[in-house]
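The values are calculated or read from the model by the stated rules, or taken from the named source; none is laboratory data. These numbers come from a predicted model, not from an experiment. Here Cβ is always computed from backbone atoms with ideal geometry, including for glycine, and neighbour counts include all displayed protein chains.
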């Protein structure tokens, strides 16, 4: 895929989360990592790229086609993508299986049995099938996050967008979740990933977009970024993260 | 002392507390030498049952209506149109802030007379439903606004539109949170229905007043009155707790 952002701007009150952010990936990018310090605009950019948030100005292009801003078309685009959040955000009142099956039925028009079968298939694949009747509160953070990934994957999304999926997890659970993401990347799933897990990004990403202060400071192939970051901010960021590992 | 199995412990405590309560009551009545006159009171049993049935029926009708009123007022308070929002906020504050007694008197003798509706029962049910509905609107609003922004975002992210978000995510979670407050309010409604006697509805309290003045008694009417309310309100509270347990999914 070729993912582009052109002068994207998004504010929350007086705070400019994205300030004319522009970048363009190579034509064959599969896993795009959004890196940068906290508060730099990663999460906002991820939401804008997936169509979950509309920017105040600017546009996103996926393979040359601009994401629509008109509400009905924007919702249709959004429905092609899958999202995973830092706080899992499974629906608290539904079982794991129903978290996956309900959107399949109501949004993607699957029949009850089809939706259930698809949910079970994904939960099987992510090692959660024994927990499928449990509610989120009965699961560990790692299990919830894998469940959230299953929900995002269920409609076979064009783009899987993950917003710091391991920031709320301990190292063991982080490993569980990253294994899943790596497998998906290896199987060819197109992914946009905002993360602080630098060594993981180094391993799976083929393109890096580095943001700070709501602007894109670097956008280049992953190996080039990790070997020789062009900006002082990126060097400082990478240096700070690798200090204790 | 042998240990009592835990399944017996609660009924045992309840029996013990009830026993203590009865003894205390007995001691109090023995001290004031109250002259019971149950025979005279018993003659009014049919009237009593009639009143009880009326209280029950009008409460049920007012409950159903009050939930609708509460839901509508809640929607109005969350509406985008400012005049509608102001109107509903003002209505809620007026209804909650003034005595039901005044609402009933003004509503029946002035408003209903002006539009030529002369059924005290009908007017009473509507006014009671509006009064309790105003409280319910705030309970509902609190429950809906307590649904976190991240649940709303997740709903959007799986592709739900606004209506689907409310139907599948917000309402089911809000119902659970609104449940304890709502049942409390419905219990209040049953008791508040006694005020309808001021506009001439012969519900249970009114019947008991008639009974007492007819048979020169007081407690012989009021004690069964309290019992007749408890017969309805206790099961309601019990059922609400069961419902709450069924909906309990948060830790």
Those residues of segment A:58-88 which are away from chain B (no Cβ under 11 Å), farther than 22 Å from residue A:207 by Cα and in contact with a helix residue (DSSP H, G or I) (Cβ under 8 Å, 6 or more places away or on another chain), in sequence order: A:68
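Residue-by-condition table, conditions (1) facing chain B (nearest Cβ under 10 Å); (2) in contact (Cβ under 8 Å) with a residue 40 or more places away in the chain; (3) in contact with a helix residue (DSSP H, G or I) (Cβ under 6 Å, 6 or more places away or on another chain):
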position	(1), (2), (3)
A:36	no, yes, yes
A:56	no, yes, no
A:90	yes, yes, yes
A:93	yes, yes, yes
A:114	no, no, no
Residue ID - surrounded by the fewest Cβ atoms within 10 Å (Cβ to Cβ), chosen from residues in segment A:151-172 that are part of a helix (DSSP H, G or I) and within 12 Å of another protein chain (Cβ to nearest Cβ): A:153
Scope segment A:1-18; condition assigned to a strand (DSSP E or B) and either closer than 18 Å to residue A:219 by Cα or in contact with a helix residue (DSSP H, G or I) (Cβ under 6 Å, 6 or more places away or on another chain) (or both); matching residues: A:3, A:4, A:5, A:6, A:7, A:8, A:9, A:10, A:17, A:18
Of all residues in segment B:156-196 being more than 27 Å from the chain's Cα centre (by Cα) and not in a loop (DSSP other than H, G, I, E, B), the one that is surrounded by the fewest Cβ atoms within 10 Å (Cβ to Cβ): B:163
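Give me the helices (runs of 4 or more DSSP H) completely within segment B:1-113, filtered to those with at least 3 residues that are in contact with a helix residue (DSSP H, G or I) (Cβ under 6 Å, 6 or more places away or on another chain), ordered by residue number.
It comes to B:38-42, B:45-77, B:82-97, B:100-105.
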Close pairs (9 angstrom Cβ cut-off, 6 or more residues apart or separate chains): in contact (Cβ under 8 Å) with a residue 12 or more places away in the chain in segment B:83-100, surrounded by 12 or more Cβ atoms within 10 Å (Cβ to Cβ) and not in a helix (DSSP H, G or I) anywhere: B:88/B:78; B:88/B:79
Pick from segment A:136-150, criterion within 12 Å of another protein chain (Cβ to nearest Cβ) and surrounded by fewer than 21 Cβ atoms within 10 Å (Cβ to Cβ), ranking: farthest from residue A:50 (Cα to Cα): A:138
Criterion violated by residue B:232 - all others in (1) touching a residue at least 12 places away in the same chain (Cβ under 8 Å); (2) surrounded by fewer than 20 Cβ atoms within 10 Å (Cβ to Cβ); (3) within 14 Å of chain A (Cβ to nearest Cβ) satisfied: (3)
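Is there a residue in segment A:173-191 that is under 19 Å from residue A:62 (Cα atoms), in a strand (DSSP E or B) and not assigned by TED's automatic domain parsing to the domain that holds residue A:108? Outline the logic, then answer.
Narrowing segment A:173-191 to residues under 19 Å from residue A:62 (Cα atoms): A:185, A:188-191.
With in a strand (DSSP E or B) added as a condition, the list becomes A:191.
Narrowing further to those that are not assigned by TED's automatic domain parsing to the domain that holds residue A:108: A:191.
Yes: one or more hits.
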Count of segment A:197-207 residues which are modelled with pLDDT of 90 or more and assigned to a loop (DSSP other than H, G, I, E, B): 2
Filter result for the condition that a residue is at the interface with chain A (Cβ under 9 Å from one of its Cβ atoms) and either surrounded by fewer than 21 Cβ atoms within 10 Å (Cβ to Cβ) or more than 17 Å from residue A:105 (Cβ to Cβ) (or both), over B:138, B:153, B:145: B:153
Answer from A:222, A:233, A:205 - the residue that is crowded, with 16+ Cβ neighbours inside 10 Å, on the phi < 0 side of the Ramachandran plot, out of contact with any helix residue (DSSP H, G or I) (no Cβ under 8 Å at 6 or more places or on another chain) and in the same structural domain as residue A:43 (by TED's automatic domain parsing): A:233
